[in-house]
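Comments concern the structure below.
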Amino acid sequence: MAEENSSKEISSSPGGLFWLTAGTMLAALIAIYLWVPTEKNEGIVQRIMYFHIPCAWLAFFAFFIVFVSSILFLWKKEREWDIYAHCSAEIGVVFCSLVLVTGPIWARPIWGVWWVWDARLTSTLVLWLIYIAYLMLRGQTEAESTRARYAAVVGIVGFLDIPLIHFSVLWWRTFHPKPKVISAEGLGQGMDPSMLATLCISLAAFTLLYCLLMGRRVALERTKDEIDRLKREKLYSS
């Protein structure tokens, strides 16, 4: 029965969250390509900011969920928290990969190179490698309880790199520009109001996308657990 319910949850027709996400994404695309002005110094390539920053935010948020869920799993030993950590890590790796792709595309016309071993770029690459290792650990360790515990530790330790990424442009001299959205001068003081509004719409769209992907991925993992349980019951009863 649980398997049937989980399957229905996964295969059901798009719900309100799907349409809300689609509508917000459409609004973001319209604002990015039809409304917001072109930045006078960087030109049209600056528009990639409206994808790059939300991808970074989403990766950091996803890894924060891994961090919290891993702590709760080690504390309560409940499978549900392990599911949340695993699923959020997968989503975080996808969007961290997009950060590492969109960043060089934006940087090439501005800096003249695709990549520099800048403090923020390097620490972001380290973050990506940590969570790639996290997913590899989950795939290679056989014992589920041991795998989950080891992965939880990696998920917690990996998150400690995120404050380093955030403050790296303030602590060291770097190629990467300093924060404009949240800065000492105030919220969005270094940006045109229309640019800030467009970025906020894009951030909302990507956050909704995370919620949508997370719901689907968690449902898949629960279904997998139910199938494994039924297989064990059948094996023991035969």
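Entry note, the stretch 49-165: relative contact order of 32 percent, from Cα contacts under 8 Å with a spacing of 6+ residues.
If the segment from Val116 to Asn41 were pulled out straight at 0.36 nm per residue, it would be longer than the present Cα-Cα gap by 24.9 nm.
Computed from the Cβ-Cβ distance with R0 of 35 Å, the FRET efficiency linking Val101 to Trp75 stands at 0.45. In order along the stretch 110-127, phi translates into HN-Hα couplings of 8, 8, x, 9, 6, 8, 10, 7, 6, 4, 6, 5, 5, 5, 5, 4, 4, 4 Hz, rounded to whole numbers, per the Karplus curve 6.51 cos²θ - 1.76 cosθ + 1.60 with θ = phi - 60° and x for Gly and Pro.
Every read-out reported here was derived from the displayed coordinates using simple, explicitly stated rules and does not represent laboratory data. Fair warning: this is a prediction, and the values are worked out from it, not measured in the lab. So basically every Cβ, Gly included, is an ideal-geometry build from the backbone, and we count neighbours across all protein chains shown.
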